[in-house]
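The structure that follows is given in the form of structure tokens.
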Amino acid sequence: MKKFFLISFLICCSTIFAQIKFTSVGGGLGLGSIQGNSTSVSAFGGSINSEFKLWFSNAVSFRLEYEHLRNVDYYLPENRTGKFYPFMNIYNLRAGIQQPLSSTFFIEESAGLLILNDRTFPDVNVWDFGGIFS
């Protein structure tokens, strides 16, 4: 009986993963600023994303992304005992299409859902939802 469930599980998993085609993985680093209900602070951030296509369309690609932004002072060497450094975590999933202009240039449009974790104050841990358009 256990062998039957194991084989059934493996068959189902291989069928599910066969319907997703991963096309790229990317990442980035950058400087900017973050602000909530406060003055803005300089921030250093990074992101990682994975792009994939589903079985129902080759024209539409989906991108799953995670981005982390934190106050620049966090990365400087100093005594951090008892200090709080503001940060934000961003998770998004968006669908997009590309319109080629030439062999090296294209226009990309996308829209999707966003989840934001705002930690700009030590006593604030706000999760919020929204949309992303680009």
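Tell me which residues, restricted to region 73-86, are touching a residue at least 12 places away in the same chain (Cβ under 8 Å) and open to solvent by 30 Å² or more (accessible area, probe 1.4 Å).
Within region 73-86, 73, 74, 75, 84 meet the criteria.
Considering only region 28-42, how many residues are open to solvent by less than 50 Å² (accessible area, probe 1.4 Å) and in a strand (DSSP E or B)?
5
Look through 60, 25 and report the one residue that is touching a residue at least 24 places away in the same chain (Cβ under 8 Å) and open to solvent by less than 70 Å² (accessible area, probe 1.4 Å).
After ruling out the rest, the residue left standing is 60.
Whether any residue in region 65-72 is in contact with a helix residue (DSSP H, G or I) (Cβ under 7 Å, 6 or more places away or on another chain) and open to solvent by less than 40 Å² (accessible area, probe 1.4 Å) is what I want to check.
No, that holds for no residue.
So which of 95, 111 is surrounded by 10 or more Cβ atoms within 10 Å (Cβ to Cβ), without any contact (Cβ under 8 Å) to a residue 24 or more places away in the chain and farther than 24 Å from residue 43 by Cα?
On inspection, the qualifying residue turns out to be 111.
Among the residues of region 80-105, what is the count of those that are small (Gly, Ala, Ser) and more than 27 Å from residue 68 (Cβ to Cβ)?
The number of residues fulfilling the criteria is 2.
Sort out for me the strands (runs of 3 or more DSSP E) sitting completely within region 49-134 that have 1 or more residues that are under 20 Å from residue 31 (Cβ atoms) and modelled with pLDDT of 90 or more.
Passing ranges, in order: 61-71, 87-100, 106-119.
The values are calculated or read from the model by the stated rules, or taken from the named source; none is laboratory data. Only a predicted model underlies this, so the values are computations on that prediction, with no experimental measurement involved. Here the Cβ is made from the backbone with ideal geometry for all residues, glycine too, and neighbour counts use every protein chain on show. Side chains included, ligands, DNA and RNA excluded: accessible areas come from the protein's heavy atoms. Shrake-Rupley method; radii C 1.70, N 1.55, O 1.52, S 1.80 Å.
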